[in-house]
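The values are calculated or read from the model by the stated rules, or taken from the named source; none is laboratory data. No experiment lies behind these values; they were computed from the predicted model shown. Please note: Cβ atoms are built from the backbone with ideal geometry, for glycine as well, and neighbour counts cover all protein chains shown. Areas reflect the complete protein model, heavy atoms only, side chains present, ligands, DNA and RNA absent. Shrake-Rupley method; radii C 1.70, N 1.55, O 1.52, S 1.80 Å.
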Amino acid sequence: MANSLLSTPFAPPYPRYHNRFQQHSHNTNFPQFKHLNLTPSFLLNVSPSSHFRLFAFPPRRPNFALQALDSDAANQGSVGVGRSQSYQQWDSLTSKFSAAANIPFLLLQMPQIILNARNLLSGNKTALSAVPWLGMLTSLLGNLSLLSYFAKKREKEAVVVQTLGVVSTYVVLVQLALAETMPLPYFLATSVIVISGLVLNFLNYFGLLNAGLWRFWEDFITIGGLSVLPQIMWSTFVPYVPNSILPGATAFVIAVLAVTLARTGKLPEKGIKFVGGISGWTATLLFMWMPVSQMWTNYLNPENMKGLSAFSMLLAMLGNGLMLPRALLIRDFMWFTGSVWATLFYGYGNISCLYFLNIISKEFFLAATAGLASWIGMTFWRDSVVHDHSSPLASLRDLVFGS
């Protein structure tokens, strides 16, 4: 769920929701936080004047106690139980798996970057027009939204994956701008958003950002994500549907209205939580739509499958598959849904299409099938062991319904 088109993972506005800032005891049990002195004195103290400071230096806001965008608050609590040695070992190992996902994702983007550089150096700017800048921009917005989601959850490895996705996609956009295939005003606006997004996310990750400024950024990516998603879905089926901006425009109005109602306190608490989770889910659904778009293209133009790289699809499957154990372990339903969808329907789905069209060998297809089935089986089996479940299906139950 990260990286470009080839891939495919609220701060409280009102005093009455101050309980979101309360310390959760299970956070202090994570091995990666054992070096922190998380005593009761570490709890947040907000003075009336602190609302007007741009940066809040240590003592830091314990953002990791926040339930990231309130998307799966109930499920995420299950990660705090059963702190056995085997659990801690698996916790550490799943983090390494997530970090390793950077390798296939980077390999996915590098060939395009190198090819673009060669064309630019040779003066062949026309060749870069084959790269759709609007699609790359959409992917960039998805990466930025997921970066904000994982930064709030303090998932360091996933933050690195999404940051890599933002940076590598932006490099491609820079090349498109140099080739004059991306309009300069759009590129300049994109540059401001990328730089601002990276700075704000990392300041927030280290607890140095004012809560009001972070809320403004969350509102921006919520409105942007909700506006882009239905427009991309609609555009997939053009010319079978009229070419129109109505879906995006309608979603934009709804998004602005929802955010405004949430910020002015005119929604119930559940409604505010729902609005808080929109940006993460829209980014996930955006990446989930990419396989659908690819499958639709394959269906309409099966001959174009010959231009699809089986190695690229394998890398997409590997990158997303490596994040499955971590998403399952911490009971993040959104992250797991996006990763498993991209693994099965984008990576493996396209490999299957290539096989049935006799473009790849039977051995390649069977090896990919056996490897994927073994990996998913191992993921659920190991998770059930560290949680003392009698069946791997119990882990799936915890993920969907909570423990």
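Tabulated data
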quantity	calculated
Residue within region 207-217 that is on the phi > 0 side of the Ramachandran plot, open to solvent by less than 10 Å² (accessible area, probe 1.4 Å) and out of contact with any Cys (no Cβ under 7 Å at 6 or more places or on another chain) present	yes
Residue in region 295-313 that is at pLDDT 80 or above, farther than 25 Å from residue 374 by Cα and surrounded by 22 or more Cβ atoms within 10 Å (Cβ to Cβ) present	no
The one condition in (1) more than 20 Å from the chain's Cα centre (by Cα); (2) farther than 18 Å from residue 248 by Cβ; (3) not β-branched (Val, Ile, Thr) that residue 186 fails to fulfil	(2)
Residue count, region 376-403 (criterion: open to solvent by 60 Å² or more (accessible area, probe 1.4 Å) and on the phi < 0 side of the Ramachandran plot)	8
Residue check for residue 134: among the aliphatic types (A, V, I, L, M) and surrounded by fewer than 19 Cβ atoms within 10 Å (Cβ to Cβ)	yes
Every residue from region 240-257 that is open to solvent by 70 Å² or more (accessible area, probe 1.4 Å) and part of a helix (DSSP H, G or I)	246, 252, 253, 254, 257
Single unsatisfied condition, residue 274 versus (1) surrounded by fewer than 19 Cβ atoms within 10 Å (Cβ to Cβ); (2) modelled with pLDDT of 90 or more; (3) in a helix (DSSP H, G or I)	(2)
Test for residue 273: is it among the basic types (Lys, Arg) and within 24 Å of the chain's Cα centre (by Cα)	yes
Check on residue 136, modelled with pLDDT under 90, over 17 Å from the mean Cα position of the chain (by Cα) and of a type outside the set (Gly, Ala, Ser)	no
Matching residues, region 99-150, being farther than 27 Å from residue 228 by Cβ and either among the polar types (S, T, N, Q) or touching a Cys at 6+ places or on another chain (Cβ under 7 Å) (or both)	119, 122, 124, 126
Unmet requirement for residue 116, which otherwise passes all of (1) crowded, with 18+ Cβ neighbours inside 10 Å; (2) of a type outside the set (Lys, Arg); (3) within 22 Å of the chain's Cα centre (by Cα)	(3)
Residues of region 356-366 classified as open to solvent by less than 80 Å² (accessible area, probe 1.4 Å) and within 18 Å of residue 321 (Cβ to Cβ), total	2
Residue in region 287-309 that is assigned to a loop (DSSP other than H, G, I, E, B) and polar (S, T, N, Q) present	yes
From 358, 350, residue being over 26 Å from residue 100 (Cα atoms) and either under 24 Å from the mean Cα position of the chain (by Cα) or part of a loop (DSSP other than H, G, I, E, B) (or both)	358
In region 143-158, residue most open to solvent (accessible area, probe 1.4 Å) [restricted to those that are in a helix (DSSP H, G or I) and in contact with a Lys or Arg (Cβ under 9 Å, 6 or more places away or on another chain)]	157
Among residues of region 105-136, those that are more than 16 Å from residue 178 (Cβ to Cβ), in contact with a Leu (Cβ under 9 Å, 6 or more places away or on another chain) and assigned to a helix (DSSP H, G or I), counted	6
Residue 334 being of a type in the set (A, V, I, L, M), in contact with a helix residue (DSSP H, G or I) (Cβ under 6 Å, 6 or more places away or on another chain) and surrounded by fewer than 23 Cβ atoms within 10 Å (Cβ to Cβ)	yes
